[in-house]
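**Q** One structure coming up, written as structure tokens, with questions to follow.
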Amino acid sequence: MFLRIDRLQVELPMPDEPDPNAAAAVQELLGGRFGEMSTLMNYTYQSFNFRGREAARPFYELISNIAAEELGHIELVAHTINAMLTGAVPDEGAPPAAPLSDLAGLRNTHHFLNHGATALVANSMGQPWQGDYVFNSGDLVLDLLHNFFLECGARAGKLRVYEMTDNPTARRMCGYLLTRGGVHQVAYAKALEKLTGVDVGKMLPVPGISNTNIPEAKQFHDQGLHKKLYRFSPDDYRSCGAIWNGTHPEDGSTLEFVDGIPEGGAMPDLDPQPTIGVPGFDLAEITDLAAKLAKKV
């Protein structure tokens, strides 16, 4: 079962103005082959389908625990996209006028045509995320090796999206995920070393640029987030510490298995977009109804 907490994993500032083309680029980190949907669903299905769980519990729990963190990463990317789309729709005008005409030339008009100026389950070109991005062979070494590769590809994607936009909201999100994705790279490298004796950590970082060279990632590195594996469960996944221990392969710092979740940041309250009827054309009526329902709780 999943326990959901109504906070983002990290504080996310709202941008000063909309940036829908940057939002289209960030979509790659949500629904691309190496995006957060892929990391989530790979690890989730590997945990669902894990055979011999009791005999190999530390490895099962590591995959399950990282899957839980990835669910929060999808949430963070989606809110980054939503923040950059907020305000792109003009506040006035209604059919038969054409208040959305200025949006017709954007990279991804589906954000506005079909999704209420919010995130898609798709990549930067609008292609929907695909189930065949999930790799689950059942062979533990092979799956862990794939997961290490997947995290390396995800890191390359974050670096390129970072280079594609200077939007501060997108860059903060990228900096955080570069740091946390680096944790997952090290975790899978450690797991492979425990199983095979091969020091996979000697390959890191992949791609070969340190997070300390990226200002938005360095701030989280300096807070020690690169060496912390959180336990995303009130009572379970305690055996992850049997794998997440020793030193970090890049800087030699001592790895920490944290008994709890990140402090996180407040969930943004996205402004309505009344021109396209989000959340409804009569917002006052919806607000009044929500207030009445709240009093009954």
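**Q** Name every residue in the range 278-297 that is surrounded by fewer than 10 Cβ atoms within 10 Å (Cβ to Cβ) and not in a helix (DSSP H, G or I), in order of residue number.
**A** Passing the criteria: only V297.
**Q** Another one. For the range 194-217, enumerate the residues that are assigned to a helix (DSSP H, G or I) and over 21 Å from T39 (Cα atoms).
**A** Within the range 194-217, K194, L195, T196, K202, T212, N213, P215, E216 qualify.
**Q** Further question: Contact list please: Cβ distance under 6 Å, first residue in the range 125-136 and within 17 Å of N42 (Cβ to Cβ) and among the β-branched types (V, I, T), second residue modelled with pLDDT of 95 or more and not in a loop (DSSP other than H, G, I, E, B), pairs at least six apart or on different chains.
**A** Every condition considered, the pairs that remain are V134/M41; V134/N42; V134/Y45.
**Q** Within the range 113-140, restricting attention to residues that are at negative phi and more than 22 Å from the chain's Cα centre (by Cα), which residue is surrounded by the most Cβ atoms within 10 Å (Cβ to Cβ)? First the steps, then the outcome.
**A** Kept after step one, since they are at negative phi, are these residues of the range 113-140: 113-115, 118-125, 127-137, 139-140.
Narrowing the set further to residues that are more than 22 Å from the chain's Cα centre (by Cα) leaves 113-114, 137, 139-140.
Working: L113: 13, N114: 9, S137: 12, D139: 10, L140: 19.
This residue is L140.
**Q** Could you check how many residues of the range 165-185 are under 13 Å from A154 (Cβ atoms) and either over 12 Å from the mean Cα position of the chain (by Cα) or modelled with pLDDT under 95 (or both)?
**A** Selection size over the range 165-185: 4.
**Q** Exactly one of (1) farther than 20 Å from D166 by Cα; (2) surrounded by 15 or more Cβ atoms within 10 Å (Cβ to Cβ); (3) modelled with pLDDT under 95 is unmet by R33. Its number?
**A** The failed condition is (3).
**Q** I'd like to check something: does the range 188-208 contain any residue that is in contact (Cβ under 8 Å) with a residue 12 or more places away in the chain, under 16 Å from H73 (Cβ atoms), surrounded by 22 or more Cβ atoms within 10 Å (Cβ to Cβ) and touching a Phe, Trp or Tyr at 6+ places or on another chain (Cβ under 9 Å)?
**A** yes
**Q** Hey, another quick one. For the range 47-69, give me each residue that is without any contact (Cβ under 8 Å) to a residue 40 or more places away in the chain and either among the polar types (S, T, N, Q) or not in a loop (DSSP other than H, G, I, E, B) (or both). Write out each step before concluding.
**A** Filtering the range 47-69 down to residues without any contact (Cβ under 8 Å) to a residue 40 or more places away in the chain leaves 47-48, 50, 52-55, 60, 67.
Within the range 47-69, S47, F48, Y60, A67 qualify.
**Q** Looking at the range 73-87 only, could you name the residues that are in contact with a Lys or Arg (Cβ under 9 Å, 6 or more places away or on another chain) and under 15 Å from T44 (Cβ atoms)? Steps first, answer last, please.
**A** Kept after step one, since they are in contact with a Lys or Arg (Cβ under 9 Å, 6 or more places away or on another chain), are these residues of the range 73-87: 73, 80.
Within the range 73-87, just H73 meets the criteria.
Each row is one residue, and each column tells you yes or no for (1) crowded, with 23+ Cβ neighbours inside 10 Å; (2) hydroxyl-bearing (S, T, Y); (3) at pLDDT 95 or above.
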position: M37; (1), (2), (3): yes, no, yes
position: Y43; (1), (2), (3): yes, yes, yes
position: F48; (1), (2), (3): no, no, yes
position: R51; (1), (2), (3): no, no, yes
position: Y60; (1), (2), (3): no, yes, yes
position: I66; (1), (2), (3): yes, no, yes
position: L71; (1), (2), (3): no, no, yes
position: V77; (1), (2), (3): yes, no, yes
position: P90; (1), (2), (3): no, no, no
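The values are calculated or read from the model by the stated rules, or taken from the named source; none is laboratory data. Quantities reported herein were computed from a predicted structural model and do not represent experimental measurements. Cβ atoms come from the backbone with ideal geometry, glycine included; neighbour counts cover every protein chain shown.
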